[in-house]
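Engineer: Here it is: the structure, laid out below.
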Amino acid sequence: MRRFVRELRAVVGPDGVLDEPGALVAFAADSKVRGMAPVAVALPTTTVQVQDIVRLCGRERTPIIPRGAGTGTVGGAVPECPALVLDLSRMNRILRIDENELLADAQPGVVTGEFQAAVEKVGLFYPPDPASAATSTLGGNAATGAGGLRAVKYGVTADWIASLEVVVADGQTIRTGTRTRKGVVGYDLTRLFIGSEGTLGVITELTLRLIPKPKAKATLLALFDELSQAGAATVAVLRSNITPAAMELMDQTALAAVQDHIGDLLPPNVCVLLIEVDGDADEVAKQANGIRELLQGVNAREVRVANNAQETQRLWSARRAISPALYEMRAQKFSEDVTVPISRIVDLIVGATKIAQQHKLVHASYGHAGDGNMHVNFLYDADNPDETRRADTAREELFRLTLSLGGTISGEHGVGVAKRPFIAWEQGPALLDLQRRLKRAFDPLNIFNPGKIFP
Amino acid sequence: MTDWAAELRRCVRCGACREVCPVFDLTRLETDVARGRLARIEQCDQMDRFVTADRDALSRCLQCGRCVEVCQSNVRVPDIVRDAKARSGGATAIESSVAGALGDPARLRRLTKRARVFLAWLARATPDDAGLRLRFALPYFKAGRYVPRIPRRSYLARVAPRAAAGQERVALFLGCGAGHLFDGVGDAIDAILTTMQLVAAVPEQACCGLPAWGMGADREARIAAANWLEAFVPGDYDAILCACASCAAHLQRNLPEVLAGDRRADQAARIADNVHDFFAWLRKRNWRADLGGQRIAVHLPCHARHDVRDGEALIPLLIESGATVIELPDALDQACCGMGGAFGVRHAELSRAIGEKKVQAMLRERPDVIVTSCTGCLLQLRDLVERSGARVRVCHAAELLAG
């Protein structure tokens with residue numbers, strides 16, 4: 001091990017390797033799952049360094065766990081066996097923004113929010129917008145196949161990646177995809193690497209698609225008495241000819257958790273649809289009016305257009321604050337990013353509420369209603385074994401319900417460790433077997449994040 | 001007693017601290033950000049053991065509190081780190097003995113005198129009145145670090161003890177920086193008080209104990225606090241004015257905890273309301289200077305932003321006095337100067353790189369003057385401005401307001 005660390009230092013320099021025990025514990029967890037501390041952490045700054053590290057680890061048969069900002073929720077970046085954590089935080093340069101081609105090249109450790117700000121400075125727009133964007137990285141977003149708030153209109157991270165540079169098993173680099181709008185030569189390996197959770201290689205550079213920044217946007221707020229009414233309204237909007245940029249649902253529990261942010265903006269005991277429309281100024285006004293009329297026709301207690309930038313900011317920051325804020329109600333939660341076909345949202349919401357009631361759990365539903373991706377949270381106290389057991393059962397029932405509605409157990413967080421036991425509920429043996437063989441083809445030594453995704 | 005284990009568990013590991021931590025910004029190390037530090041502290045607590053590497057790692061936190069501002073759970077990171085430092089014996093022998101000397105009036109006087117002789121031998125004067133540069137590298141000071149000229153007769157040596165005069169009984173607590181290094185600060189405050197027909201009492205005094213407390217040298221902090229309470233007896237004054245925002249923060253917020261278990265803890269709690277940041281006090285009395293449109297860059301000390309009662313009063317006070325206060329982008333406006341007490345000494349290069357970002361942003365706006373209200377920040381800002389080659393006045397806000 002000493003020699004391994006010495007060789008790592010020779011690759012990335014003395015301050016690019018951590019092996020002091022107290023430092024390593026910082027890499028034993030993501031925002032949800034706790035694993036074990038790695039044997040060392042390397043912080044490369046270049047693709048060449050990553051190549052050298054991959055070769056070194058191949059020779060030593062030391063597993064490599066790529067890590068971005070560690071904001072994941074399923075343990076994808078968490079070691080389960082003695083491994084090297086490859087922290088890409090120092091590969092954080094935006095290499096170029098090509099305003100003519102509407103493309104940008106960036107290293108994987110660039111923070112998504114900083115990237116968004118940088119392209120917006122030149123009038124461009126990178127739409128993928130995971131709730132963690134201020135902290136999480138482009139590389140992490142790609143590796144987990146992150147979604148986000150604006151997926152209704154703009155799709156997810158995967159839709160905005162044109163090409164990837166990846167260091168693969170023998171330390172070689174490959175370039176997937178093209179810099180063109182179209183391109184069908186060979187298999188679509190870009191899509192394969194997206195969401196592969198570090199099990200197939202290490203993403204060392206991303207080419208991202210951009211669009212001109214929408215000139216205007218507006219936020220609407222619709223209040224409902226019942227969660228299911230809000231769900232029905234979501235479907236009504238989606239079936240209309242207006243596509244909102246984001247459509248987020250928050251139930252009573254979620255709103256109570258972020259009361260500090262909301263203050264006196266809302267009356268008590270309502271659920272809310274938070275809708276953003278964007279485009280040209282006149283287009284935005286038209287869309288906002290259209291949605292308002294539509295929602296008033298489907299049982300909304302009240303529909304408001306946010307008055308000013310400050311109010312808009314308050315509403316959206318409240319939405320982003322929900323996930324951590326729920327911990328103030330109970331020490332632990334299962335937060336499941338289950339996703340159903342949009343016509344089944346109401347069934348999911350009603351079903352989740354029933355499950356929570358049956359198991360006497362506090363529960364919160366919020367999330368990206370506009371794309372069928374809800375965050376169903378069951379809150380529990382880990383010190384209470386009975387409540388923990390009930391939460392476990394409720395979580396499994398939620399997965400069954402989601403699948404019975406034709407949905408998926410993960411819309412955007414990934415499988416990692418936390419959902420690994422359930423993957424076979426969703427995918428058949430032949431499909432799983434093929435994926436395992438793919439993994440072996442890409443990674444014959446089984447050094448890239450071994451054991452993740454597939455049980 | 002605070003249950004630190006419970007406080008640690010409140011961290012949900014969302015990683016938002018990575019957005020704002022000035023140390024992480026430079027090192028990109030998870031171990032340098034609140035989430036990583038808390039993981040370390042939790043492990044040390046579980047094993048009931050802190051080793052040298054842990055103490056070093058803890059010393060790499062500025063305790064600036066930026067992470068708390070973005071923390072959804074409001075985890076009190078600076079307090080957790082401070083307490084872990086104390087439990088781990090985080091202060092080195094030199095640090096705690098310096099901190100100890102600061103807390104005792106007679107020892108502090110002797111220390112300043114020796115430092116003056118020592119620095120005269122070691123340093124050469126810079127061309128203007130800014131101060132001295134060290135000629136040689138010392139273990140703690142990198143060669144070229146600016147240090148202020150230590151005055152032959154400091155403000156405290158000239159003035160203390162002095163009794164109060166005027167309609168109100170106000171007392172002045174200088175703090176080490178204004179008392180012994182930047183001797184114009186006390187004179188400036190006196191001049192401002194003169195406009196109100198007041199003379200502040202200046203009892204014999206030493207350090208409030210914040211440097212010791214911040215580095216986890218609790219014994220030295222307790223002694224300093226006890227000495228402070230002897231100098232400023234509750235009930236003796238209508239108001240105790242602090243020249244330095246960081247001292248004010250310590251006296252208002254920490255003193256009862258410093259003296260926990262001591263008979264003087266009650267006394268400390270009672271006096272907290274009586275302690276005022278000088279600028280908050282001025283503003284409350286609607287005092288104004290005439291700053292006639294000067295462009296001013298203000299560095300509001302982290303302690304003022306987080307812990308001092310009305311700690312942000314300096315900015316409206318300057319604006320109401322006719323100055324134009326330069327607005328920096330939020331992230332820079334709220335940034336720490338990088339000094340952080342012992343941090344600036346132990347991690348001189350990191351400290352300077354952190355401050356550099358803010359100072360460069362200030363200088364780009366071409367201010368007439370840069371002010372702050374903490375003498376630790378002042379030390380840092382002068383060093384950075386001096387090194388940048390810019391000829392911009394950097395002073396304590398009282399010196400600017402006194403004209």
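Readers should treat all values here as calculations from the given coordinates under stated rules, not as data from a laboratory. Values in this document were obtained by computation on a predicted structure and should not be read as measured data. Every residue, glycine as well, gets a Cβ built from its backbone with ideal geometry; the counts of neighbours run over all protein chains shown.
Engineer: For A:Phe27, A:Phe125, which order do you get if you count the other beta carbons within 10 Å of each Cβ and list the fewest first?
Structural biologist: A:Phe125, A:Phe27
Engineer: Within a Cβ distance under 15 Å of A:Thr402, other residues only, what is the Lys/Arg minus Asp/Glu net charge? Let's see the in-between values first.
Structural biologist: Working: positive: A:Arg344, A:Lys354, A:Arg395, A:Arg400, A:Lys419; negative: A:Glu336, A:Asp337, A:Asp347, A:Asp371, A:Glu396, A:Glu397, A:Glu412, A:Glu426.
Here the charged neighbours net out to -3.
Engineer: Counting Lys and Arg as +1 and Asp and Glu as -1, what is the net charge of the other residues whose Cβ lies under 13 Å from the Cβ of A:Thr219?
Structural biologist: That sum, taken over residues with Cβ under 13 Å, equals +2.
Engineer: Using every alpha carbon pair in the protein assembly as shown, what percent of pairs falls into each 20 Å bin from 0 up to the bin containing the largest distance?
Structural biologist: Spelled out per bin, shortest first, that is 14, 42, 33, 11, 0.
Engineer: Out of B:Pro105, B:Ala245, B:Trp281, whose Cα points farthest toward the positive end of the dipole of the protein assembly as shown (charges: +1 Lys, Arg; -1 Asp, Glu; placed on Cβ)?
Structural biologist: B:Pro105
Engineer: Continuing with this model, one more query. Could you tell me what fraction of 2.2 N^0.38 Å the Cα radius of gyration of region A:94-212 comes to, as a two-decimal ratio?
Structural biologist: 0.98
Engineer: Can you order the peptides A:392-402, A:441-451 by their average number of other Cβ atoms within 10 Å per residue, highest first?
Structural biologist: Averaged packing, sorted descending, gives the order A:392-402, A:441-451.
Engineer: Here's something else I'd like to know. Just how large is the dipole of chain B about the Cα centre, in debye to the nearest 20, putting +1 at every Lys and Arg Cβ and -1 at every Asp and Glu Cβ?
Structural biologist: Working: 56 positive and 48 negative charges, 263 e Å.
Magnitude of the dipole: close to 1260 debye.
Engineer: Stokes-Einstein D for region B:155-282 at 4 °C, 1.567 mPa s, Kirkwood Rh over Cα pairs, in µm²/s?
Structural biologist: 89 µm²/s
Engineer: Let me know the mean shielding of B:11-23 by other chains, meaning the per-residue number of their Cβ atoms within 10 Å of its Cβ.
Structural biologist: Per residue, the average neighbour count from other chains is 6.
Engineer: Let me ask something else about it. For B:Arg364 and B:Arg9, compute 0.36 nm times the residue count separating them, minus their Cα-Cα distance, and round to one decimal in nm.
Structural biologist: Additional length available on full extension: 123.6 nm.
Engineer: Please report the net charge: other residues with Cβ closer than 13 Å to the Cβ of B:Leu378, K and R +1, D and E -1.
Structural biologist: Cβ neighbours under 13 Å give a net charge of -2.
Engineer: If I model a spin label as a point 7 Å beyond the Cα along the Cα-Cβ vector, how far apart are those points for B:Glu349 and A:Asp15 in nm?
Structural biologist: For the pair B:Glu349/A:Asp15, the computed spacing is 0.5 nm.
Engineer: Could you sort A:280-293, B:20-33, B:306-319 so that the peptide with the highest average Cβ count within 10 Å comes first and the rest follow in order?
Structural biologist: Working: A:280-293: 16.0, B:20-33: 22.6, B:306-319: 20.2.
The peptides rank, most packed first, as B:20-33, B:306-319, A:280-293.
Engineer: Under the Kirkwood approximation for Rh and a Cα-based Rg, what ratio Rg/Rh is obtained for region A:315-370?
Structural biologist: 0.98
Engineer: GNM on chain B, C-alpha springs below 10 Å: top fluctuator among B:Ala243, B:Ala304, B:Ala165?
Structural biologist: Per the Cα network of chain B with a 10 Å cutoff, B:Ala165 tops the list.
Engineer: While we're looking at this one, here's another question. What is the Cα coordinate range of region B:1-95 on the first, second and third principal axes, sorted by size from largest, in whole angstrom?
Structural biologist: 34, 30, 19 Å, listed from the longest principal axis down.
Engineer: At 0.36 nm per residue, minus the direct Cα-Cα distance, what do A:Asn446 and A:Glu120 gain on full extension? Give it in nm, one decimal, please.
Structural biologist: My answer for the length gained is 113.3 nm.
Engineer: Let me ask something else. For region A:214-267, how big is the tail of P(r) above 17 Å, as a whole percent of Cα pairs?
Structural biologist: Everything past 17 Å amounts to 47 percent.
Engineer: Would you list the P(r) distribution for region A:54-107, with all Cα-Cα distances sorted into 5 Å bins from 0 and each bin expressed as a whole %?
Structural biologist: Reading the bins upward from 0: 5, 16, 18, 17, 15, 13, 9, 5, 2, 0.
Engineer: Please compute, for peptide B:24-32, the average count of beta-carbon atoms on other protein chains lying within 10 Å of each residue's beta-carbon.
Structural biologist: Counting Cβ atoms of other protein chains within 10 Å of each residue's Cβ and averaging gives 5.
Engineer: If neighbour count is taken as other Cβ atoms inside 10 Å, put A:Ser196, A:Ser335, B:Ser97 in order from fewest to most.
Structural biologist: B:Ser97, A:Ser335, A:Ser196
Engineer: Further, regarding this structure: Quick one: compute the contact order of region A:339-392, relative version, from alpha carbon pairs under 8 angstrom and 6+ residues apart, as a percent.
Structural biologist: On the way: 63 pairs, mean separation 17.9, N = 54.
It comes to 33 percent, rounded to a whole number.
Engineer: Project the alpha carbons of chain A onto their principal axes and report the range along each, largest first, in whole Å.
Structural biologist: Cα extents, longest axis first: 68, 58, 43 Å.
Engineer: Among A:Val168, A:Leu206, A:Val85, which residue has its Cα positioned farthest towards the positive end of the charge dipole of chain A, with +1 placed on the Cβ of Lys and Arg, -1 on the Cβ of Asp and Glu, and the dipole taken about the Cα centre?
Structural biologist: In chain A, that residue is A:Val168.
Engineer: What's the ranking of B:323-334, B:284-295 by average number of surrounding C-beta atoms within 10 Å, highest first?
Structural biologist: On the way: B:323-334: 15.3, B:284-295: 13.6.
Order by mean packing, descending: B:323-334, B:284-295.
Engineer: Describe numerically, in nm with one decimal, the distance between label points set 7 Å from Cα along Cα→Cβ at A:Ile94 and at B:Arg107.
Structural biologist: Reported label-point gap for A:Ile94 and B:Arg107 is 5.3 nm.
Engineer: May I pose another question? Classify chain B: rounded, prolate or oblate, from the alpha-carbon gyration tensor (a ≥ b ≥ c, eigenvalue square roots; a/c under 1.5 rounded; otherwise prolate if a/b is larger than b/c)?
Structural biologist: The shape class here is rounded.
Engineer: Given region A:2-87, what percent of its DSSP beta bridges are antiparallel, to the nearest 5?
Structural biologist: The antiparallel proportion sits near 30 percent.
Engineer: Taking 8 Å as the Cα distance limit and 6 or more residues as the minimum spacing, I'd like the relative contact order of region A:214-329 as a percentage.
Structural biologist: Reported as a whole number, the value is 43 percent.
Engineer: Where nothing but the Cβ of Lys and Arg (+1) and of Asp and Glu (-1) is charged, how large is the charge dipole of region B:4-88 around its Cα centre, in debye to the nearest 20?
Structural biologist: Here region B:4-88 has a charge dipole of around 20 debye.
Engineer: Let me ask something additional. What whole-number value in cubic angstrom gives the convex hull volume per residue for the C-alpha atoms of region A:2-87?
Structural biologist: Details: hull volume 7.2 nm³, N = 86.
Considering the Cα atoms of region A:2-87, their hull volume per residue is 84 Å³.
Engineer: Please tell me the relative contact order of chain A in percent, rounded to the nearest whole number, where contacts are Cα pairs under 8 Å and at least six residues apart.
Structural biologist: The value is 15 percent.
Engineer: For chain B, modelled as a GNM with alpha-carbon contacts under 10 angstrom, which of B:Ala225, B:Ala106, B:Ala297 fluctuates the most?
Structural biologist: Result: B:Ala106 has the largest fluctuation of those listed.
Engineer: Right, something else. Do the sum for the protein assembly as shown: with -39,500 (n - 2.57) for every DSSP H run of n ≥ 4, divided by all residues, what is the mean residue ellipticity at 222 nm, to the nearest 500 deg cm²/dmol?
Structural biologist: The per-residue figure over the protein assembly as shown is -12000 deg cm²/dmol.
Engineer: Counting residues in region B:288-402 as N, plug N into 2.2 N^0.38 Å and put the Cα Rg over that result.
Structural biologist: Here the Cα radius of gyration is 1.00 times the empirical estimate.
Engineer: With both partners inside region B:288-402, how many of the DSSP beta bridges are antiparallel, as a percent to the nearest 5?
Structural biologist: Antiparallel: roughly 0 percent of the beta bridges in region B:288-402.
Engineer: Let me ask something else. Within a 10 angstrom radius of the beta carbon, how do B:Met47, A:Met374 rank from fewest other beta carbons to most?
Structural biologist: B:Met47, A:Met374
Engineer: How much of the DSSP bridge set in region B:155-282 is antiparallel, in percent, rounded to the nearest 5?
Structural biologist: Beta bridges within region B:155-282, antiparallel portion: roughly 20 percent.
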